[in-house]
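Report on the following structure.
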Amino acid sequence: MHRSDRYPPISKTSDSAVWLLHAGDVAQWMVQLLGWLWLGQQGMLRGWAVAGGVLAVAVWWAMRVACRGHNWALRGSSGRVALLGFTTAAAVFAWEISPVAGLGGWPGLVVLGALAVVWGLWCALIETRTKGSSLQTGRSAWQPLLAAGLLGAVWALPEGSAGLALGLCAALLYLRDREPALRAHVCKSEQGEWPQLLAPSAMGLMMGTMWLGGDWCLGAGWTQAQMVAAHVALMAGGPAVLALLVERLPVLSGVERPSQAAHDHWCLGLTAAASALWLVGGTVHGALAMGLSSLAWAMHCSRPRSVPAKRSSARPARMVQVRRLALLLGPVLLLWVGLASAQLGPLALQLALVLLGSLAALLLLVSGVQAAKAYLQHQTI
């Protein structure tokens, strides 16, 4: 995918705008990766029995899904981006260096949940106000790789580093939002359909249950650092590697870019294939299933996007339906995995991923039947 496919042309003389464009992409990846890692880690460190510590991640994810593309975000301002960003950074910094981090039970859960709400609102706002958000990679897709490397450095630094990193990200995202040359990049009305939710939901389940499955990974001989690196590589490395292959391999780069429907079918097929491997079970098959789910996520990131010329009267209701399904297949399903893991262990996550894969296979079947009917009708004309 070429850079021109992602953003409208920017004047070559606007070096500051180009710099902010790239820096904002890196900052946006950092904000989301830290959300998955930091909130899950803090939930598990407190030792809460509520959903195995995934509750804060589920709340953060739910706020992102519920508010992304909402009028509240579309009509937001640069000041709101700065307010939510610096509030999140300050709260994370205070949590890490103050006695509140030692709170256990319900008081600590409430404080961390409130932080997850603010963080989720911030993510929803910056994703809505950026045309490509963090889902659409650029020509070489180096931004997620750089964000992953910076995240590794932050993770190795003393407590308080995560809050400082988020503060820097908040400043960059605020400046990007205020840049006049980039104001045309605000996403006006782009909304996905529900078949496009399955690959991101599968990736989110794997990221959200990372600390929940820490004992399983450690039991397999993985260190904590290896576990974190593997999950970050799946989420940030997949889109970057896929973009690099498409750009560098002559066989792929010379092929006309697939349509959005073709991307959706590839994502559904990979998600369904991963589901079959989860059913087989075993460490090797599980690793392959995670790889296929990551590839489906990468395909989802690189899919073409289009904004409809005008909204139909039924579109708001359709958007509400898609948002509800996204909540059900994402945060709600993650919360169920956390609750069920007390009894089922790793099987709870496998069942959830099999459910998503089964839905993907069903959608592929329906699409195939519809295509066959259309072909037969065309032949009879």
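Nothing in this text is a laboratory measurement; each read-out follows from the coordinates by a stated rule. Predicted model, so just to flag it, every value in this text is computed and none were measured. Ideal geometry is used to build each Cβ from the backbone, glycine not excepted, and the neighbour counts take in all protein chains shown.
Some observations on this one:
- Among 198-208, 20-30, sorting by the average number of other beta carbon atoms lying within 10 angstrom of each residue, highest first, gives 198-208, 20-30.
- Region 226-245 versus region 57-90: alpha-carbon centroid distance in Å: 25
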